[in-house]
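Beneath this line is the structure, given in structure tokens, with notes to follow.
The values are calculated or read from the model by the stated rules, or taken from the named source; none is laboratory data. Computed from a predicted model, the values in this text were never measured in an experiment. Positions of Cβ are backbone-derived with ideal geometry, glycine not excepted, and every protein chain shown enters the neighbour counts.
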Amino acid sequence: MKNSYEEALDQLETMKRENKNLQQEISDLTEQIGETGKSIHELEKAKKTVETEKSEIQTALEEAEGTLEHEEAKILRVQLELNQVKGEIDRKLAEKDEEMEQIKRNSQRVIDSMQSTLDAEVRSRNDALRVVKKKMEET
């Protein structure tokens, strides 16, 4: 009986130690759960902050893309206008070149006509001078 009593005391001590160890483990796990809960809360808060920042960045990106599209459209319009103006200038330059060529041809005709008239006048004078010289020599 004494032996059974001692065994029971040993088992009681063993159980008390195991109980104490289990209570410590429960306490540690409870503390970890609390810390994990805090970490989860902090992570959720950080996630919300990141989502807000993402939303703001997305909005800014969409605005920038809209502005870019608007500016590209303006550039396209300006390029079209520039091409139209260039076409008009090229056409006017071609017209002016044609006018200058026409003036040059007309001027050349006038010069040729005046040269012909001058040549005829010179021949007439030379002929007249020869006639006068002949008459002078005959006299």
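Just one residue in the set N3, N83 is at pLDDT 95 or above and not basic (K, R); that residue is N83.
For residues that are of a type outside the set (D, E, K, R) and under 51 Å from the mean Cα position of the chain (by Cα), tally how many sit in region 94-139.
Summing the residues that are of a type outside the set (D, E, K, R) and under 51 Å from the mean Cα position of the chain (by Cα) in region 94-139 gives 4.
Residue count for region 22-68 under the criterion of being among the hydroxyl-bearing types (S, T, Y) and over 29 Å from the mean Cα position of the chain (by Cα): the result is 5.
Within region 22-30, is even one residue loosely packed, with under 10 Cβ neighbours inside 10 Å, in a helix (DSSP H, G or I), among the charged types (D, E, K, R) and at pLDDT below 95? No, region 22-30 contains no residue that is loosely packed, with under 10 Cβ neighbours inside 10 Å, in a helix (DSSP H, G or I), among the charged types (D, E, K, R) and at pLDDT below 95.
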